[in-house]
Amino acid sequence: MSLRPFAFLAVVGLVACSGGSTAPVPGGGPTSMPAPQPTGANATLTIAIPLPAAPGSSDRHPAYVSPSTRTLRVQVNTVNGVAPPAWVPADISTPLVVGGNCSVSGGTKTCTVPVAAPAGVVNYTFTAGDGTNALSRLTTDETMVQGTVNAVSVTLRGIVKTVAVSGATLVANAPPSGNSEILSVSASDADGNTIVSPGNYDSPIGLTLGDATASTALTVNGGGPGTTAVVNAPSDVVRLSYAGRATNPFAIAASGSVITGGGTIATSVDDVTFAGTTLDDAAHGGLNTDPNWGMQTLFFKQASGTKGITSAELGWTNAPYNQLFDVALSSGADSCSGIASISAGPATGFTVTALGAGICSGQVTEHGTGYPLTGHPVPTPGQPTQDGHFWISVTTSSFGVSRAR
């Protein structure tokens, strides 16, 4: 049975006993502590590790230590800003073994490990790992005073490996309340466990918008908007600003020290509608064998003259967006060459001039960097709107009159 990944936070309690005494370490450890010296002492460090919960459990733990934790590494980096005394082990990595230096009660495994506690300002690095990967860590200065019991409490910071970013679908012409929505930014350690508050991440998460249309922006904790954002903690609130202008789906990439991941924000856009066209159907003399059958068509009854066609799209051409279209006539198998020409964009209204008999097509597309939109439905005969496609039909007739004999 698989176990559900947990969010965890752990408080590591460090108690140093001065005066040359040592605190016992249940079950011992792989590295024996040197004899205490007058300038400091040995201590025990207690770490509480939340066990993985059974599926369906609603348990939550108050601090971050991954349930995958199997070792605790304690490094003494400096004492009073210089190298540690010779008697102080600079680096001890201790396996956490139930029945050895760990015991289990309820949903928590509690372990004790040996720690050197020389007098002075000690710069420690505590790293919890699974035996291969580092899962949480903290580097901190702690002051050890001789002749007293020094109780130290620190919060480890989760080491982010992967990030998943998600948010609601953005709907054109329908911005969220306040023109922004809160994104879900979920960070996991190397074993797939979700990292939760309190405390910061071991290193920040960088987020980068891939929205080439510049219709959105990121903010963190109410700060200024931008195309990038820095997330320092699980408690940070990341918002995606969006005013409703039609946009393409886009990615939000996560980056940082050994960090990968991100997510894609989906979008929903309205279709393009036309004025000045009619459907090519039986009511308008069309046949189901016509290449433009059931499509929006601009009809000419002679190979001359002009007609206007107007295009519109909610979330694009309407206020407050007031955007424009580019237009192009077909140049492939259904080329408009010799059949019709059209005025240039960007615009919403265009003038079509008939040149000669034939049927061809054109398309309007959203004008601007990052456009056109890709989310319009494909043309389907009979539907009143299309993905910006329209057709031009120019029909000519000639009659010969001869005298009866």
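Hey, among the residues in the stretch 122-157 that are at pLDDT below 90 and of a type in the set (A, V, I, L, M), which one's farthest from Ser66 (Cα to Cα)?
Per the stated criteria, the residue is Val145.
Among (1) surrounded by fewer than 21 Cβ atoms within 10 Å (Cβ to Cβ); (2) out of contact with any Asp or Glu (no Cβ under 7 Å at 6 or more places or on another chain); (3) among the aliphatic types (A, V, I, L, M); (4) not assigned by TED's automatic domain parsing to the domain that holds Thr219, where does Val152 come up short?
(2)
If Ser311 satisfies every condition in (1) within 22 Å of Ala212 (Cβ to Cβ); (2) touching a strand residue (DSSP E or B) at 6+ places or on another chain (Cβ under 8 Å) but one, which is the exception?
Condition (1) is where Ser311 drops out.
Of these, Leu240, Leu209, Leu287, which one is over 18 Å from the mean Cα position of the chain (by Cα) and of a type in the set (A, V, I, L, M)?
Leu287
Conditions (1) surrounded by fewer than 21 Cβ atoms within 10 Å (Cβ to Cβ); (2) within 14 Å of Thr277 (Cβ to Cβ); (3) out of contact with any His (no Cβ under 6 Å at 6 or more places or on another chain); (4) of a type outside the set (Val, Ile, Thr), marked per residue:
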site: Phe299; (1), (2), (3), (4): yes, yes, yes, yes
site: Ala303; (1), (2), (3), (4): yes, no, yes, yes
site: Gly358; (1), (2), (3), (4): yes, no, yes, yes
site: Val364; (1), (2), (3), (4): no, yes, yes, no
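Cβ contacts < 6 Å: first residue over 14 Å from Pro346 (Cα atoms), restricted to the stretch 362-386; second residue loosely packed, with under 15 Cβ neighbours inside 10 Å and not polar (S, T, N, Q), any location; separation 6+ or different chain. Result?
These pairs meet every condition: Gly370/Ala212.
Can you name every residue in the stretch 273-299 that is assigned to a loop (DSSP other than H, G, I, E, B) and without any contact (Cβ under 8 Å) to a residue 12 or more places away in the chain?
Matches in the stretch 273-299: Gly285, Gly286, Leu287, Asn288, Thr289.
Output the residues belonging to the stretch 329-387 that are within 24 Å of Trp293 (Cβ to Cβ), among the hydrophobic types (A, V, I, L, M, F, W, C), at pLDDT 95 or above and under 35 Å from the mean Cα position of the chain (by Cα).
Val364
Being in contact with a Lys or Arg (Cβ under 7 Å, 6 or more places away or on another chain) and outside the structural domain of Gly178 (by TED's automatic domain parsing) narrows it down to one residue among Gly286, Gly315; which is it?
Gly315
Filter the strands (runs of 3 or more DSSP E) completely within the stretch 19-121 down to those with at least 1 residues that are at pLDDT below 80.
Those strands (runs of 3 or more DSSP E) span 40-50.
Can you tell me which residue within the stretch 158-184, out of those that are at pLDDT 95 or above and among the hydroxyl-bearing types (Ser, Thr, Tyr), is nearest to Ile47 (Cα to Cα)?
Thr162
What's the number of the only condition in (1) at pLDDT 95 or above; (2) on the phi > 0 side of the Ramachandran plot; (3) buried (at least 17 other Cβ atoms within 10 Å of the Cβ) that Gly199 fails to meet?
Just one mismatch for Gly199, condition (1).
For every residue, the table says whether it meets (1) buried (at least 16 other Cβ atoms within 10 Å of the Cβ); (2) in the same structural domain as Ala48 (by TED's automatic domain parsing); (3) not hydrophobic (A, V, I, L, M, F, W, C).
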{"position": "Pro67", "(1), (2), (3)": "yes, yes, yes"}
{"position": "Val98", "(1), (2), (3)": "no, yes, no"}
{"position": "Val113", "(1), (2), (3)": "yes, yes, no"}
{"position": "Gly120", "(1), (2), (3)": "yes, yes, yes"}
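The values are calculated or read from the model by the stated rules, or taken from the named source; none is laboratory data. Quick caveat: nothing in here was measured; it's all calculated off a predicted structure. Cβ coordinates were reconstructed from backbone atoms using ideal geometry, including for glycine residues, and neighbour counts include every protein chain displayed.
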